[in-house]
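Quick notes on the structure that follows.
The values are calculated or read from the model by the stated rules, or taken from the named source; none is laboratory data. What you see is a predicted model, and the numbers here were worked out from it, not measured in a lab. Note that each Cβ is placed from the backbone with ideal geometry, even for glycine, and that neighbours are counted across all protein chains shown. Accessible surface is based on the protein model in full, side chains and every heavy atom, while ligands, DNA and RNA are left aside. Shrake-Rupley method; radii C 1.70, N 1.55, O 1.52, S 1.80 Å.
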Amino acid sequence: MNEQVNLQKWVDQVEQIYTQIKPAQYGRVGVLLGGRSGEREISLQSGKGVLDALQGLGIDAHPYDPGTQDIAAITQEKFSRVFISLHGRYGEDGTMQGFLEQIGMPYTGSGVLASAMAIDKQVTKNIWLSQGLSTPKFLMLNEHSNWEAVVNYLGLPLIVKPAREGSSLGLTKVKNISELPEAFALAAKLDRDVMAEQCIVGEELTCPIIGRGKYVQALPMIKIKAPDANYDYHNKYFSDDTQYICPPEIEPELEQMIEDLAIRSYQALGCSGWGRADVMIDQGTRQPYLLEMNTSPGMTSHSLVPMAAKQAGVSYEKLVLWILHQTLDQNPNTSFNSDEEKR
């Protein structure tokens, strides 16, 4: 059984860090935002929220946009550490983490290996399956795929999506076999690797997670009710019609099962700091299935981790401070945010 930090103990720790804050101990902080991925717009929103929170706490924080500024020049900024508010490729996929490791810069969130694995849906699923964790069936597609065989294996409807994109970019819910070629073409514009996935019909939930190694804690889960059950890019970030239910109003036993599943999925990938596991509950069997792991979750006004933290009694700015504070717990003489866990 996993050792978990009690949620109230985490809340108490957050409060202690907040009440005893010494802004100078964080030095000059860079907030990485924007970037070059398809999620740039959301990253700018997340980064602005984080930047405002840190500056409001008296921390010497400054924005840095790798999408418009030369990342190699970041050393000239004399940052002591950075808060990664980048989403998707070139920020959440291990490349930025690897660069920061090379220049000896402490940073928030998961390390190189965990970030690289988590953004790749095929790698993520294979790791989860190797650990006996439930995730929908899938096939990798190419222009020569036998569409009939795909449908026979996965059924209809099914999901087609790029293997390494987030925020539902390039995703299509395919209801008829005739739609498959177009869905594949759309996803292939964004990634050379395209996945077809069994569509689990039922309730959609997300489970934020904090911590590292065996000392990991799930935050309150959130049930998502999007218009027409379509939690796409617009409904995630811009719609006021999407409903978020926290606590999720599901059976207590099922809630505990999903929490355990989410924690195991986080640990299997070697994630650290914070993350968010997305889950579907089959409406017929009530079996939960892991969809993906986010290692640099959104921090916008519609984002889910701040919503869960608030339910636990932790405000947005206190959450931001706690995440940044984790960068102090890194030995500068060893690899920052090491993916090695103390088991």
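Among the residues of the stretch 245-296, those identified as assigned to a loop (DSSP other than H, G, I, E, B) and crowded, with 24+ Cβ neighbours inside 10 Å are 269, 271, 295, 296.
Can you say whether residue 278 is at pLDDT 95 or above and touching a strand residue (DSSP E or B) at 6+ places or on another chain (Cβ under 6 Å), as far as the supplied structure shows? So residue 278 fits the description; yes.
Within the stretch 287-327, count every residue that is free of Cβ contacts under 8 Å to residues at least 60 places away in the same chain and of a type in the set (D, E, K, R). Adding up the residues that qualify gives 1. If you go through the stretch 168-180 and keep only what is out of contact with any Pro (no Cβ under 9 Å at 6 or more places or on another chain) and open to solvent by less than 10 Å² (accessible area, probe 1.4 Å), you end up with just 180. Residue count for the stretch 299-343, restricted to those that are at pLDDT below 95 and either touching a His at 6+ places or on another chain (Cβ under 7 Å) or of a type in the set (Lys, Arg) (or both): 2. The residue that is farthest from residue 93 (Cα to Cα), counting only those in the stretch 154-180 that are within 17 Å of the chain's Cα centre (by Cα) and assigned to a strand (DSSP E or B), is 161. The residue pairs whose first member lies in the stretch 245-265 and is closer than 15 Å to residue 220 by Cβ, whose second member is among the basic types (Lys, Arg), and whose beta carbons are closer than 8 Å, counting only pairs six or more residues apart or on different chains, are 245/223; 245/225; 246/223; 248/223; 249/223; 250/223; 254/286. Residues of the stretch 204-226 that are open to solvent by 40 Å² or more (accessible area, probe 1.4 Å), modelled with pLDDT under 95 and not in a loop (DSSP other than H, G, I, E, B): 212, 215, 225. Among helices (runs of 4 or more DSSP H) entirely within the stretch 61-130, having at least 1 residues that are under 19 Å from residue 278 (Cβ atoms) and hydroxyl-bearing (Ser, Thr, Tyr) singles out 112-119, 121-130. Inclusion of residue 55 among residues that are without any contact (Cβ under 8 Å) to a residue 12 or more places away in the chain and within 23 Å of residue 312 (Cβ to Cβ) is not warranted. The set of residues from the stretch 138-153 being surrounded by fewer than 16 Cβ atoms within 10 Å (Cβ to Cβ) and assigned to a loop (DSSP other than H, G, I, E, B) comprises 142, 143, 144, 146.
In a residue-by-residue description of the stretch 30-41, the property of being among the β-branched types (Val, Ile, Thr) and either touching a residue at least 60 places away in the same chain (Cβ under 8 Å) or out of contact with any Lys or Arg (no Cβ under 9 Å at 6 or more places or on another chain) (or both) applies to no position.
Hey, does the stretch 6-14 have a residue that's touching a Pro at 6+ places or on another chain (Cβ under 6 Å), assigned to a helix (DSSP H, G or I) and open to solvent by less than 50 Å² (accessible area, probe 1.4 Å)? No, the stretch 6-14 contains no residue that is touching a Pro at 6+ places or on another chain (Cβ under 6 Å), assigned to a helix (DSSP H, G or I) and open to solvent by less than 50 Å² (accessible area, probe 1.4 Å).
Note on the stretch 22-66: among residues that are among the acidic types (Asp, Glu) and more than 17 Å from the chain's Cα centre (by Cα), the one that is surrounded by the most Cβ atoms within 10 Å (Cβ to Cβ) is 65.
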